[in-house]
Amino acid sequence: MPLDIVVCVKWVPNTQIVNIDPRTGTLIREGVPSIINPHDLNAVEFGLTLKDSYGGRLTAIAMSPPSAKAGLEFLIGMGVDRAILITDRVFAGADTLATSYVLAKAIERLMPTDLIIFGQETIDSSTAHICAQTASWLKLPYIYYVIDARLEDGKKNIVVKRVLERKIEVFELPLPCLMAIAMKSNVPRPVTLSNKIKAKMENLIEVWNNEMLKLNINCVGLKGSPTVVSKSIPTPVVPRKKLKFEGTDPIEAARWLLDRLAEEGVRVI
Amino acid sequence: MDPPSATKFDVAIVGAGPAGASAAYTLARKGFKVVVLERGRTPGSKNLFGGRVYSHPLELIFEGFKNEAPIERWTKREVLSFVTEEGIVSVEYASGSSTSFTAYLSKLSAWMASKAESAGAILVTDVRVDDILMENGKAVGIVSGGDRLYADVVVIAEGVNRLLCERRNITPQLSPEEVALGVKHVIRLGTDKINDRFGLDSNEGLAWFLIGKVTDYLPGGAFLYTNSTTVSLGIVVFLSHAMKKVKRHIYEVLEDLRTSPPFTRLLEGGSLVEYGSHLTPEAGLKMMPKKLYGDGFLIVGDAAGLLINLGYTVRGVDLAAFSGYLAAEAIEEAHSLGSYTSHNLSCYERKLNDSFVMKEMKRHDSVQKLMSKSHIFELYPQVLVGTTKRLFEFEEASPKLLEAAKESLKGKGSKFKMLLDAITLMRGP
Ligand SMILES: Cc1cc2nc3c(=O)[nH]c(=O)nc-3n(C[C@H](O)[C@H](O)[C@H](O)COP(=O)(O)OP(=O)(O)OC[C@H]3O[C@@H](n4cnc5c(N)ncnc54)[C@H](O)[C@@H]3O)c2cc1C
Ligand SMILES: Cc1cc2nc3c(=O)[nH]c(=O)nc-3n(C[C@H](O)[C@H](O)[C@H](O)COP(=O)(O)OP(=O)(O)OC[C@H]3O[C@@H](n4cnc5c(N)ncnc54)[C@H](O)[C@@H]3O)c2cc1C
C-alpha cells in the first residue's frame, strides 16, 4: 500500500560555530554556513525506510531563505522524490507560531497525504514545538519520539513505537497524522551519485512564495510572531590564565595544581 | 550494483580542483555534456596550497578572470631569506608590475567550478569516485559507491594522491621520495597591520621564502604570503628527508617558526583562522606517468605530475589549469576525428609539449633535482649568514668581503660546486 509522505526539514546555521548578538540576544545567522538540521536527517531516513517497505513518495518541505536549495538537493541525493522550498521575505523572522502556520498551510496544499514527519527538534532553537503546533493548525493527531512505524489494517492506521527515556510505548494512530522522530534513532543513508545527478538535472525542487500561498501577512514572519526575546544571558568568557608548571615531580605538580585551584576558590575535600 | 544511472555524459571529470574545473569550463563552453565529480562538500573544500598563482595562463582560459576571480593581492615584493641560528640574510626584489597574485585555493577552485557550472557543466559534490569503469581496456565511465556512470571520456584530475591511477595501474604507487609535505597556517591580522608591518599598499602582495633553519636545514623551506586581511605561513619539507631526520611532529617545526623572530613580532595580535596540510609532487619529470592518455581517458594537473617544486616554492595551479584546458582541446579534436581512442587523444601530449607547461617542466627539472639535495639548505644559509655576520659584527678591524667569505666557507666544501649550484638555482622562477 503506497504511502504519500511529507517530511519537514529546517535549514539551520551550523551552531557549532555560531555566536549570539550581545545587543539583541538572538543568534547571528549571517555568514555562518548552514546545514540541514541533523535531527531532520533521522526524519528523512525514517520516511525513506517507510517508502522502501510500502512504496510511495517522499516530499521534503523547508521554509527558509533560498540558500536551502543546496540542502534540499542533498536530500534528493539521499532518495527524497521532490522538494518544496517555501521562501519569501514576508516569512522572515518567524517564531514557532508563524513557522508552523506557514508549514500547515503548505501541507494543506499537498493534501491528501498520509503522513507528515518532523525531526524531534532543531539544533539552533530546539523548542520541539513545530510538529505539535502544525498538527494543531491541521487539526490532526500527532506523536513525538517515534522510533518505528508499521502499517496496520490496510492503510487506515499506523502502529508506532516511541521512546520515553527507559520506556517504549506502542500507539496506533489513524492516518493522516504527524509524527516527530526521535533524534539519533537511525543512521541516515548516504547520498548516491545517481540521485545527486537527478537532483541536478531534473527540476525536482519547487519554490513556493506568498504570491502562491496567499497567507495573511499579519499571520506570518515577524508580524505573525508574538514571541519576544526578553533577556539572554551569554555564557561568561573566562580568559585562560596560561600558567605552566615547570617542574618534573608529579607530587609537586599535583600540589601546585591544588594551590592554583584554591586561589580560584575551588576547595578539594 | 544498482542499475547504471540513466544519464550518459560526453565527459566525466574526477576532481574539481584547478585542473578539473578548467577542463570542465572549457568543455562546457564547447558544447560538451560534462559532469564533474568532487568528493569535497563544496568545490575547494579539499584543496590547499601555499598562496601565489601566476595569472597569465588563467586569463587565457577564463573569460573575465582578472575582474571576477577571488584575487587577494598582486605580488609586488619577493623576498628570499637564508636563516641560521646566527641570523637572517635576505635578498629582495620589488617591482611596480606583477604577473602573479596571492589567493586562497579554496576560493579560487570554488570560483573556477562556479564558472564551469554557469557554462553548463553539471557539478556533483560530496561524491567520491572509487574506480574508473573499464571495458575491454577502454575507460567508459566511473564507479562511485553502488553507482555506475557512463561517459565517452574520463578526465582524471584527482590531484597528487592519485589513487584511481594506482588502482588502474596507470601509475605506480607514490614513494616518499616523490612527494613533499606542506603544512600551513592562515593568520588573520587585518589589512592595516599587514600593510604596516610588511610595508605594503592595500593592493600589494608579498611573497617571502625562507630556507635553512626554518625546516631544521632539511630540503624544503618556509613561505609567507600576504592576503587582503590574512597571512599564509607554512613550510614544505621533502617527505623522504622528513621521515628520516625529523624526530618530532612536523607541525612543531612550523610552530617553532611562527613563534620565533621575526615572526612573533610580525604576527603579533593575529588569530589563527585556518590550519591545513597537503602533499605535493616533487619529483618533476620523473613523477609523470609514462603516458598521460589512454583509450577513453586523460590525466591532468597534479595527478599528471605537472608541478614545479623548488623546495621553498611550489607552482602548480597555473600548470594544472592549463593542462585541463589543453585536455579539453584534445577531447574536442578527438571528437572531430570520430572516437576517443588512445591514438586520437594523443594530441594532448603534443599540445602539452608545445605549451609553456612542458617547457617549464623541462627547464626546471635540473633545479628540482638539485633542490632535493640537502647541502643547499644547510650550506647556503650557513655561508651567507656567516659571511654577513663577519662583515657587520666586528669589534675593531672591519674584514674585507673576501676574507669574511673565506672564513665562513672553512671546511664547508668546494667553492666551485657552490658557484655551479648558484647558477642552476638562479635559472629558477
Ligand atoms: C525565544 C525565541 C526567540 C526567537 N527569535 C527569533 C527571531 O527573532 N528570528 C528568527 O528568525 N527566529 C527566531 N527564533 C527561532 C524560531 O522561532 C524557530 O527557529 C522556528 O520557529 C522553528 O522552531 P525550532 O527551530 O525550535 O523548531 P523545532 O520545533 O525544534 O523543530 C522541530 C521540527 O520541525 C521542523 N521544522 C522546524 N522549522 C522548520 C522550517 N522552517 N521549515 C520546515 N520544517 C521545520 C523540523 O522537522 C524540525 O526538526 C526564536 C526562537 C526562540 C525560542
Ligand atoms: C603546501 C603546498 C603549497 C603550494 N603552493 C602553491 C603555490 O603557492 N602556487 C601554486 O601555483 N601552486 C602551489 N601548490 C600546488 C597546487 O596546489 C597544485 O598544483 C594544484 O592544486 C593542483 O591542482 P589539481 O586540480 O591537479 O589538484 P587538486 O587541487 O589537488 O584537486 C584535486 C581534486 O580532486 C578531488 N578528488 C581527488 N580524488 C577524488 C575522487 N576519487 N573522487 C572525487 N574527487 C576526488 C579532490 O577532493 C580535489 O578537490 C602548492 C601545493 C602544496 C601542497
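The values are calculated or read from the model by the stated rules, or taken from the named source; none is laboratory data. From a predicted model like this one, the values you see are computed outputs, not experimental measurements. All Cβ positions, glycine included, derive from the backbone under ideal geometry; neighbour counts span all protein chains shown.
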Practice task
Go over the candidates B:Val53, B:Val79 one by one and state the one that is in a strand (DSSP E or B) and surrounded by fewer than 22 Cβ atoms within 10 Å (Cβ to Cβ).
Solution key: B:Val79
Practice task
Would you kindly identify the strands (runs of 3 or more DSSP E) lying entirely within the stretch A:1-100 that contain at least 3 residues that are touching a residue at least 12 places away in the same chain (Cβ under 8 Å) and either more than 30 Å from A:Thr235 (Cβ to Cβ) or of a type in the set (A, V, I, L, M, F, W, C) (or both)?
Solution key: A:3-8, A:56-63, A:82-86
Exercise for the section: For A:Glu108, indicate whether it is in contact with a helix residue (DSSP H, G or I) (Cβ under 9 Å, 6 or more places away or on another chain) and more than 28 Å from A:Asn195 (Cβ to Cβ). Expected result: yes
Problem - Filter result (hydrophobic (A, V, I, L, M, F, W, C) and assigned to a loop (DSSP other than H, G, I, E, B)) within the stretch A:240-269 - result: A:Leu243, A:Phe245, A:Val266, A:Val268, A:Ile269
Practice task
Take the stretch B:27-42 and flag every residue that is buried (at least 19 other Cβ atoms within 10 Å of the Cβ) and near ligand 2 (Cβ under 10 Å from one of its atoms).
Solution key: B:Val36, B:Leu37, B:Glu38, B:Gly40
Exercise for the section: Need at least 1 residues that are crowded, with 23+ Cβ neighbours inside 10 Å and more than 14 Å from chain A (Cβ to nearest Cβ) per element, so show me which strands (runs of 3 or more DSSP E) inside the stretch B:101-205 make the cut, counting only ones lying wholly within it. Expected result: B:138-144, B:147-156, B:179-188
Handout entry: Residue in the stretch B:301-340 that is nearest to ligand 1 (Cβ to nearest atom), counting only those that are of a type in the set (Ser, Thr, Tyr) and assigned to a helix (DSSP H, G or I)
Key = B:Tyr325
Problem - Unique match (being away from ligand 2 (no atom under 16 Å from the Cβ) and at pLDDT below 90) among A:Lys198, A:Lys139, A:Lys231 - result: A:Lys231
Exercise for the section: Mind telling me which of the residues B:Arg168, B:Arg77 ends up being within 20 Å of B:Thr226 (Cα to Cα) and of a type outside the set (Phe, Trp, Tyr)? Expected result: B:Arg77
Exercise for the section: State whether one or more residues within the stretch B:125-144 are of a type in the set (Val, Ile, Thr) and under 20 Å from the mean Cα position of the chain (by Cα). Expected result: no
Handout entry: Neighbours by Cβ (under 7 Å, 6+ apart or cross-chain): first from the stretch B:36-64, within 14 Å of chain A (Cβ to nearest Cβ); second near ligand 2 (Cβ under 6 Å from one of its atoms) and part of a strand (DSSP E or B)
Key = B:Leu37/B:Val14
Exercise for the section: Could you please give the count of residues in the stretch A:95-128 that are out of contact with any strand residue (DSSP E or B) (no Cβ under 9 Å at 6 or more places or on another chain) and among the small types (Gly, Ala, Ser)? Expected result: 4
Practice task
Output yes when any residue across the stretch B:152-160 is within 14 Å of ligand 2 (Cβ to nearest atom) and either more than 15 Å from B:Leu37 (Cβ to Cβ) or without any contact (Cβ under 8 Å) to a residue 12 or more places away in the chain (or both), and no when none is.
Solution key: yes
Handout entry: Criterion: assigned to a strand (DSSP E or B), within 14 Å of ligand 2 (Cβ to nearest atom) and either touching a residue at least 60 places away in the same chain (Cβ under 8 Å) or more than 15 Å from B:Ala157 (Cβ to Cβ) (or both) - qualifying residue of B:Ile13, B:Ile71
Key = B:Ile13
Practice task
Of the conditions (1) under 30 Å from A:Ser100 (Cβ atoms); (2) exposed (fewer than 10 other Cβ atoms within 10 Å of the Cβ), A:Pro234 clears all except one; give me its number.
Solution key: (2)
Problem - Options B:Ser55, B:Ser45; residue that is more than 7 Å from ligand 2 (Cβ to nearest atom), in the same structural domain as B:Ala116 (by TED's automatic domain parsing), under 26 Å from B:Phe223 (Cα atoms) and at pLDDT below 90 - result: B:Ser45
Problem - Residue check, A:Ala62 small (Gly, Ala, Ser), within 15 Å of ligand 1 (Cβ to nearest atom) and in contact with a strand residue (DSSP E or B) (Cβ under 6 Å, 6 or more places away or on another chain) - result: yes
